[in-house]
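> Pasting in a structure now, in structure tokens, and then I'll have a few things to ask.
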Amino acid sequence: MAITAPATRPANPRFSSGPCAKIPGFELTMLADAALGRSHRAKIGKDKLKAAIETTRDILGVPADYRIGIVPASDTGAVEMALWSLLGARKATMVAWESFGAGWVTDVVKQLKIDAEVKTAEYGEIVDFATLDFDTDVVFTWNGTTSGVRLPNGDAIPADRAGLTICDATSAAFAQDLPFDKLDVVTFSWQKVLGGEAAHGILILSPRAVERLETYTPAWPLPKIFRMTKGGKLIEGIFVGETINTPSMLCVEDYLVALDWAKSVGGLKGLQDRANANAQAIWDFCAARDWIDNLAVDPATRSNTSVCLKFTDPRITDGAVFAKAVQKRLEAEGVALDVGAYRDAPAGLRIWCGGTIETSDIEAMLPWLEYAFEAEIAALAETA
């Protein structure tokens, strides 16, 4: 039987989980006001950096007494700054249920050699936070970008914890609720939910984290780009736009444009609604078919940004080969780019659903996903 290709194509086939799709209608002319060729330490540069910090605070609802800094090396740089500068004062608990969380375990246990308990869960599952000791410093990802599994809430984190909570929220910020009263360090990158350009990270510190920085000196030397204190006091300039090293003012402008767009669609609530609608379209698609399912085992932990899927048809003999063939067919048709599962994750697909994605593009892509599946199943039958 001939397999008919769908008639409608997504207007934007970019579903990469990072760097993610630019804001709808993006054009390079939107960056015409960038402070190019100017020092980031000049007033114009400082003003733009400070505006990026304060608009981030406003949209995310970051408490007034939390510091927000723009730091080098994307989310990775922000997380590393926190780990190297804050850990070691007490025992740590490392929590991982996907590859990036596992990377932080390696850094802390093998590189810093900190006394740490490691709690892990398989892809598609999540660690039970009720079993964690929050008198230790707890390090975790809020949303597993490579597993499509997220922490549903922060209810299990006690307000009177003795340790710090260090949260990699790079694929959660601007799409999911982050309870800042339960989080002492929050990190993310512009390249995720707001589709910004890569290489810059955001580091958010609670008063408790600042107190740790000012009262604790790690046993190891800190590279310059990790140093947030001088003479036992926080370098406050970092958190008002005086960056540790030179930022790209073009990227800063791009982030400011994305933040303005975020406000135009309803701020945090609007961004969450867009991501929820995108993810729901995929969940409904999967619920109506017996050959594909969400990688997340518990619906309460399903990510609304990095939606990870697995093929469940018993005719598939090699899941990795089949998933890659589907991905290649979608890319060849120009209807879904960069939707393969992360290299360390189980075989399947990963479709970004953050707020810069239009639901109409998700809805136009899904029939193509079915088309690609049927075409590859037919190819399997021919070679059997």
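For (1) of a type outside the set (A, V, I, L, M, F, W, C); (2) over 12 Å from the mean Cα position of the chain (by Cα); (3) at pLDDT 95 or above, each residue gets a yes or a no:
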{"site": "T146", "(1), (2), (3)": "yes, no, yes"}
{"site": "D160", "(1), (2), (3)": "yes, yes, yes"}
{"site": "A175", "(1), (2), (3)": "no, no, yes"}
{"site": "E197", "(1), (2), (3)": "yes, yes, yes"}
{"site": "L205", "(1), (2), (3)": "no, yes, yes"}
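> Then there's this: What number of residues within segment 333-384 satisfy the criterion of being within 15 Å of A279 (Cβ to Cβ), open to solvent by 40 Å² or more (accessible area, probe 1.4 Å), assigned to a helix (DSSP H, G or I) and charged (D, E, K, R)?
Number of matching residues: 1.
Each row is one residue, and each column tells you yes or no for (1) assigned to a helix (DSSP H, G or I); (2) within 24 Å of G267 (Cα to Cα); (3) not hydrophobic (A, V, I, L, M, F, W, C).
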{"site": "G25", "(1), (2), (3)": "no, yes, yes"}
{"site": "G69", "(1), (2), (3)": "no, yes, yes"}
{"site": "R90", "(1), (2), (3)": "no, no, yes"}
{"site": "V95", "(1), (2), (3)": "no, no, no"}
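> I'd like to check something: does segment 312-330 contain any residue that is in a loop (DSSP other than H, G, I, E, B), closer than 21 Å to P19 by Cβ and touching a residue at least 12 places away in the same chain (Cβ under 8 Å)?
no
> Still on this structure, please answer the following. Among the strands (runs of 3 or more DSSP E) confined wholly to segment 160-271, which include 2 or more residues that are in contact with a His (Cβ under 6 Å, 6 or more places away or on another chain)?
none
> Would you please name the residue that is nearest to P179 (Cα to Cα), looking only at residues in segment 39-60 that are small (G, A, S) and open to solvent by less than 50 Å² (accessible area, probe 1.4 Å)?
The qualifying residue nearest to P179 (Cα to Cα) is A52.
> Please pick out the residue among D184, D160 that is surrounded by fewer than 18 Cβ atoms within 10 Å (Cβ to Cβ) and closer than 21 Å to F129 by Cα.
The conditions single out D160.
> If a residue has to be within 19 Å of W220 (Cβ to Cβ) and either outside any strand (DSSP E or B) or acidic (D, E) (or both) to count, how many in segment 103-124 make the cut?
Selection size over segment 103-124: 13.
> Search segment 201-226 for residues being of a type in the set (G, A, S) and crowded, with 18+ Cβ neighbours inside 10 Å, and hand back the single one that is nearest to I53 (Cα to Cα).
Within segment 201-226, the match that is nearest to I53 (Cα to Cα) is G201.
> For segment 289-327, name all the residues that are aliphatic (A, V, I, L, M), farther than 25 Å from E358 by Cα and either out of contact with any helix residue (DSSP H, G or I) (no Cβ under 8 Å at 6 or more places or on another chain) or surrounded by fewer than 17 Cβ atoms within 10 Å (Cβ to Cβ) (or both).
Selection gives V297, A320, V321.
> Any residue that is crowded, with 21+ Cβ neighbours inside 10 Å, at pLDDT 95 or above, over 18 Å from the mean Cα position of the chain (by Cα) and within 18 Å of V185 (Cα to Cα) - is there at least one of those in segment 99-112?
yes
> Of everything in segment 166-177, what is touching a Gly at 6+ places or on another chain (Cβ under 9 Å) and surrounded by fewer than 24 Cβ atoms within 10 Å (Cβ to Cβ)? Give them in sequence order.
D177
> Then there's this: Go through segment 227-255 and give me each residue that's touching an Asp or Glu at 6+ places or on another chain (Cβ under 7 Å) and either more than 28 Å from S39 (Cα to Cα) or surrounded by 15 or more Cβ atoms within 10 Å (Cβ to Cβ) (or both).
Listed by number, the residues that qualify are T229, G232, L234, C251, E253, D254.
> For the subset of segment 261-281 comprising residues that are under 17 Å from T55 (Cα atoms) and without any contact (Cβ under 8 Å) to a residue 60 or more places away in the chain, which member is surrounded by the most Cβ atoms within 10 Å (Cβ to Cβ)?
Only one residue tops the list, namely G266.
The values are calculated or read from the model by the stated rules, or taken from the named source; none is laboratory data. These numbers come from a predicted model, not from an experiment. Don't worry about glycine lacking a Cβ; one is built from the backbone with ideal geometry, like all the others, and counts go over all protein chains shown. For the accessible areas, the whole protein counts, side chains as well, though only heavy atoms, and no ligand, DNA or RNA atoms are used. Shrake-Rupley method; radii C 1.70, N 1.55, O 1.52, S 1.80 Å.
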